1. Given the criterion assigned to a helix (DSSP H, G or I) and of a type in the set (Val, Ile, Thr), identify the matching residue among Val329, Val352, Val373, Val337.
2. Check Ile466, Ile384, Ile379 and return the single one that is over 21 Å from Val337 (Cβ atoms) and of a type outside the set (Lys, Arg).
3. Could you check how many residues of region 313-370 are without any contact (Cβ under 8 Å) to a residue 12 or more places away in the chain, of a type outside the set (Lys, Arg) and within 15 Å of Thr33 (Cα to Cα)?
4. Out of all the residues in region 267-274, is one or more open to solvent by less than 50 Å² (accessible area, probe 1.4 Å), within 23 Å of the chain's Cα centre (by Cα) and within 16 Å of the ligand (Cβ to nearest atom)?
5. Condition first: away from the ligand (no atom under 14 Å from the Cβ) and open to solvent by 10 Å² or more (accessible area, probe 1.4 Å). Now tell me which residues in region 145-163 satisfy that.
6. Across region 244-273, which residue is farthest from Arg459 (Cα to Cα) among those that are of a type outside the set (A, V, I, L, M) and assigned to a strand (DSSP E or B)?
7. Filter region 280-312 down to residues that are in contact (Cβ under 8 Å) with a residue 40 or more places away in the chain and more than 16 Å from the ligand (Cβ to nearest atom), then give me how many there are.
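The values are calculated or read from the model by the stated rules, or taken from the named source; none is laboratory data. Here the structure is a predicted model, which is why all the values come from computation and not from measurement. Here the Cβ positions follow ideal geometry from the backbone for every residue, glycine too, while neighbour counts run over all protein chains shown. For accessibility, only protein heavy atoms count, side chains too; no ligands or nucleic acids. Shrake-Rupley method; radii C 1.70, N 1.55, O 1.52, S 1.80 Å.
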Amino acid sequence: MTYPTQPTASHFVNGAYLEDTTGTPLPVIYPATGHEIARLYMATPAVIEQALNAAKQAQAEWAALSGTERGRILRRAADMIRDRNHELSELETYDTGKPLQETLVADATSGADALEYFGGLAGSLTGEHIPLGDGNWAYTMREALGVCVGIGAWNYPTQIACWKAAPALACGNAMVFKPSETTPLCALKVAEILHEAGLPAGLFNVVQGAGEVGRSLVTDARVDKVSLTGSVPTGRKVYAAAAAEMKHVTMELGGKSPLVVFDDADIEDAVGGAILGNFYSSGQVCSNGTRVFVQKGIKEAFLTRLSERLRDAVIGDPMDEATSFGPMVSAGQLGIVERYIAKGQEEGARLVTGGKRLERDGFFIEPTVFADVSDDMVIAQEEIFGPVMCVLDFDDEAEVLARANETEFGLAAGVFTRDLARAHRMVAGFQAGTCFINSYNDAPVEMPFGGVKASGVGRENSKAAIEHYSQLKSVFVRMDAVEAPF
Ligand code: NAD
């Protein structure tokens with residue numbers, strides 16, 4: 001099969017594509033068919049060495065440019081991505097299996113937003129002037145960290161690459177990015193476009209590989225910061241490895257987020273929010289509200305309307321723009337989801353709809369809803385990362401808030417109610433980094449995104465991300481005489 005905008009080699013290093021076929025072969029599987037559509041090679045130590053060296057060498061000169069000059073290149077890349085949105089969206093669909101209906105509006109466009117936003121911000125990154133007594137004063141300088149490593153998950157390969165590259169580059173850093181081994185294609189195009197937009201060689205490098213390649217990047221002495229998007233178990237390993245060398249980290253990890261629907265909510269909106277928060281991208285979204293707490297009075301009405309609307313899901317060829325629900329990313333992820341569905345049935349949850357694999361090629365499974373789920377069931381406690389919604393009942397606000405927070409995760413949380421005072425009370429009580437009132441899963445670049453508890457450290461997007469890709473230098477300036485004791 002041929003696909004559009006084919007990257008021409010496995011890696012992108014020092015401003016150009018780079019191939020090294022002595023690496024372990026990395027087949028790229030199109031999730032809608034299960035067929036191999038490309039074969040890349042994982043990075044050898046020689047490739048990793050070239051990438052880190054290139055980044056190290058290029059960084060200081062890049063940091064010495066004015067922020068406006070750096071930003072101009074990022075904004076040019078944003079425009080190029082928007083111009084090429086259709087082909088990049090098709091590539092995202094080949095990489096992930098997500099329907100084109102989604103990728104056309106959620107992936108390259110979101111990456112472009114990040115490049116535009118941080119490109120715009122780059123010229124205004126400054127320190128402070130701090131007046132002190134006796135005419136003395138201090139100032140701070142906001143400096144780049146140096147070489148940053150980005151490591152991606154497989155659900156949003158273009159977006160993740162851009163959400164890490166844009167603030168890193170805006171602040172004057174260089175980056176070596178390792179995409180997930182499951183979706184290696186899109187980040188290569190991001191690198192290609194950044195360089196076409198004028199990014200000097202060496203500042204954004206892409207190397208392929210699995211955990212082993214990630215590990216060798218994280219532990220390298222040239223690396224100053226690691227930003228990981230991935231699962232909590234991987235996060236623990238990467239954070240520990242980075243801590244050993246006192247490196248900066250951003251950890252964007254998994255979740256099992258609560259979505260609370262009170263009986264005064266607009267049912268259509270609440271059902272819409274629950275659909276977006278469970279079935280978009282076939283449920284492969286970290287912030288999904290997979291524990292849907294519905295107040296008892298509207299439980300059956302909610303389930304009825306949810307089942308009706310799920311019948312309108314168009315499951316099929318992701319390249320057909322009418323398709324609204326695609327396959328899982330891989331056979332492995334499909335197997336994980338099937339095992340959780342079996343577990344839910346075994347645990348006594350009520351299967352309301354879905355639950356079956358589709359009789360066709362590719363990794364398709366139906367959108368699945370369990371009701372009568374209790375807090376102690378495995379399907380209510382563990383991140384499934386697939387299209388499986390757990391509906392739980394509740395009586396009152398204090399009870400549901402306590403139950404919503406009864407988890408090691410803290411990525412996101414949502415509430416649907418017409419009582420806005422209650423909505424704000426709930427949000428104040430949620431132990432979560434990213435919250436939604438009468439909505440779910442919006443992630444505009446202007447808003448900080450990230451988790452608390454085991455779901456992560458640091459924030460992506462917004463001005464908050466600048467704090468995580470730069471450091472302050474404080475300078476005390478004495479204007480009067482130095483008084484020494486002797
Ligand atoms: P994963 O943890 O298996 O892998 C993530 C990345 O880490 C991959 O690139 C992998 O190769 C790499 N890796 C694995 N072991 C490593 C090691 N020891 N050192 C360095 N790198 C290593 O996650 P996944 O299955 O690719 O993605 C799904 C997970 O990602 C889910 O838990 C999901 O919630 C999470 N996620 C979080 C966010 C967020 O922003 N919070 C966004 C998307 C996905």
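1. Values: Val329 fails: assigned to a helix (DSSP H, G or I); Val352 fails: assigned to a helix (DSSP H, G or I); Val373 fails: assigned to a helix (DSSP H, G or I).
Of Val329, Val352, Val373, Val337, the one residue that is assigned to a helix (DSSP H, G or I) and of a type in the set (Val, Ile, Thr) is Val337.
2. On the way: Ile384 fails: over 21 Å from Val337 (Cβ atoms); Ile379 fails: over 21 Å from Val337 (Cβ atoms).
After applying the criteria, what remains is Ile466.
3. Residues in region 313-370 being without any contact (Cβ under 8 Å) to a residue 12 or more places away in the chain, of a type outside the set (Lys, Arg) and within 15 Å of Thr33 (Cα to Cα): 3 in total.
4. Going through region 267-274, the residues open to solvent by less than 50 Å² (accessible area, probe 1.4 Å) turn out to be 267, 270-274.
From what's left, within 23 Å of the chain's Cα centre (by Cα): 272-274.
Now narrow it down to the ones that are within 16 Å of the ligand (Cβ to nearest atom): none.
No - not one qualifying residue is present in region 267-274.
5. Across region 145-163, the qualifying residue is only Leu145.
6. As a first pass, look at region 244-273 and keep what is of a type outside the set (A, V, I, L, M): 245, 247-248, 250, 252, 254-258, 262-264, 266, 268-269, 272-273.
Applying the additional criterion that residues be assigned to a strand (DSSP E or B) yields 248, 250, 252, 258.
Values: His248: 13, Thr250: 7, Glu252: 8, Pro258: 20 Å.
So the residue we want is Pro258.
7. We begin by selecting, within region 280-312, every residue in contact (Cβ under 8 Å) with a residue 40 or more places away in the chain; these are 280-296, 299, 302-303, 306-307, 310.
Among the residues that remain, those that are also more than 16 Å from the ligand (Cβ to nearest atom) are: 292-296, 299, 302-303, 306-307, 310.
Here the count works out to 11.
Per-residue answers, yes or no, for (1) touching a residue at least 40 places away in the same chain (Cβ under 8 Å); (2) open to solvent by 70 Å² or more (accessible area, probe 1.4 Å); (3) farther than 30 Å from Leu358 by Cα:
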{"position": "His11", "(1), (2), (3)": "yes, no, yes"}
{"position": "Leu18", "(1), (2), (3)": "no, no, yes"}
{"position": "Pro31", "(1), (2), (3)": "yes, no, no"}
{"position": "Leu40", "(1), (2), (3)": "yes, no, no"}
{"position": "Val47", "(1), (2), (3)": "yes, no, yes"}
{"position": "Lys56", "(1), (2), (3)": "yes, yes, yes"}
{"position": "Ala60", "(1), (2), (3)": "no, no, yes"}
